[in-house]
1. How charged is the neighbourhood of GLY143? Take every other residue with its Cβ under 14 Å from the Cβ of GLY143, and add Lys/Arg as +1 and Asp/Glu as -1.
2. Determine the share of the stretch 230-301's accessible area contributed by carbon and sulfur atoms, expressed in whole percent, with a 1.4 angstrom probe.
3. Using the Karplus equation 6.51 cos²θ - 1.76 cosθ + 1.60 (θ = phi - 60°), what ³J(HN,Hα) coupling, rounded to whole Hz, does each residue of the stretch 295-305 give in order, writing x for Gly and Pro?
4. What nm value, rounded to one decimal, do you get for the distance between TYR81 and ASP344 when each label is placed 7 Å out toward the C-beta?
5. Please list the non-local residues whose amide H lies under 5 Å from the amide H of THR184, H modeled 1.01 Å from N, same-chain partners needing a gap of 5 or more.
6. Net charge within 13 Å of ASN281 by Cβ-Cβ distance, Lys/Arg positive one each and Asp/Glu negative one each, not counting ASN281 itself?
7. Could you compute how much accessible surface VAL58 exposes when probed at 1.4 Å, giving the result in Å² to the nearest 10?
8. Rolling a 1.4 Å sphere over the protein heavy atoms, what is the accessible area per residue of the chain, to the nearest Å²?
Amino acid sequence: MKSTEAWGYLNTVLDGPSPALQQALRAGRSPEEVAHGIQVRASWLGALAQETERRLNVSVQKIVEQAAQSGFHLIHPDSPYWPAEVLGQAFFHAEHSADVSSHTDPRELTAPHGLWIRGNQDLKSLTARAVGIVGTRAATQYGFETTQQICTDLARHHYTIFSGGALGIDTYAHRTALECNTPTVAVMASGPGFVYPLRNKDLFDRIVDSGGALITEYAPGTPAERFRFLVRNRLVAALTQGTVVVEAPYRSGALNTMKRVDDFGRLPMAVPGPISGGASNGSNSLIKQQRAIAIVDIREVHGHLSRIGEVDVDAQLELEFAPTPIQELSRNELRVYDVLPRDDQGGITAEEVAAAAGLSVALTVHLLVDLAKRSLVVREGTAWAKLPGPPPGIEQG
């Protein structure tokens, strides 16, 4: 049995990730040896014996043909496009992290041993600069708009957008990536030939036609079931440098993805949302518990993923929202300015200004002269008044 055929057999005879298989591979057994051992029911199989019993006599050729009919092809650890470095970093971190919960399903911390791909098979390139975008299926307008804005900014910086292909936030992430001509990858919880959700069939076709990909570790014909979504989520976390949860209620499955992001040593980010409803309770909770970085400006996602000093969002905000002359006033200058009437309401003397502001006359005169140089106040004889400031409604503090 050749390497590709062996990997195809292992991917088919096993239903998703297998800790027992990874243990056998780490022990030095080749995929060909493991595949043969499963077929002859070798004595060393251990847990693999029970895991593979149901699909023992599967035909790899038929499975490959079935996948090809849906446009899917298998890549595996011996393929040139296999993202070995990205996956190796993620699962090595999870294996050696003391923070991983002992209650976590071992499959959610186990690397894939093969991926069926439709579209761009160069997963190594697609994951080189990638961000995961996740969130609730029942998204609000706030969630949609925020997803669109974040993905648009990420597209400017040439990131691949990973998500789960579900309705809601996932769909908007994929759509925005397509609109911005940046690659997007949908990580599926079902096998080739089983489209879920069916409503997104056209979206999935567009992803493939636009240089992106659909990927799944499940064999052709495998239906989408609840437990597979949880196992699937780990791939979004593992294949990206960081993941943003845009909008998620308290029990959202997207929060499961964020747990894996942390387990894999990736960057967890969350968009804070309104506290008046439940749509962002989960996201807000992550921020409150310091389990995710709060994203308060759409450019911060790129900023946090960039090298230190490469992107300074705060400095950009200072330039874009420069303070008004009044906002730049010192405390004493503001005390003087605030007690002055407008120039169309007459004026008051320096002594009156000093008394109202609680300052000495000498200091008040000095401040008034300086404010006049900046065209903020005007003097008519011995009377002082302030010139019109920002239009009503502009925040002063």
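The values are calculated or read from the model by the stated rules, or taken from the named source; none is laboratory data. Not measured: the values here are computed from a predicted model. Don't worry about glycine lacking a Cβ; one is built from the backbone with ideal geometry, like all the others, and counts go over all protein chains shown. The area values use the complete protein model at the heavy-atom level, side chains included, leaving out ligands, DNA and RNA. Shrake-Rupley method; radii C 1.70, N 1.55, O 1.52, S 1.80 Å.
1. Values: positive: ARG137, ARG175; negative: GLU145, ASP170, GLU247.
Its environment carries a net charge of -1.
2. Details: 1410 of 2640 Å².
So the carbon and sulfur contribution to the accessible surface is 54 percent.
3. Once rounded to whole Hz, the list reads 9, 10, 9, 4, 6, 5, 4, 4, x, 5, 8.
4. With each label point 7 Å from Cα toward Cβ, the separation is 6.9 nm.
5. Answer set, sorted by chain and number: ILE161, GLY212, ALA213.
6. Values: positive: ARG251, LYS288; negative: GLU247.
Around ASN281, the charge tally is +1.
7. Near enough 40 Å² of accessible area.
8. On the way: 19450 Å² over 397 residues.
Accessible surface, normalised per residue, equals 49 Å².
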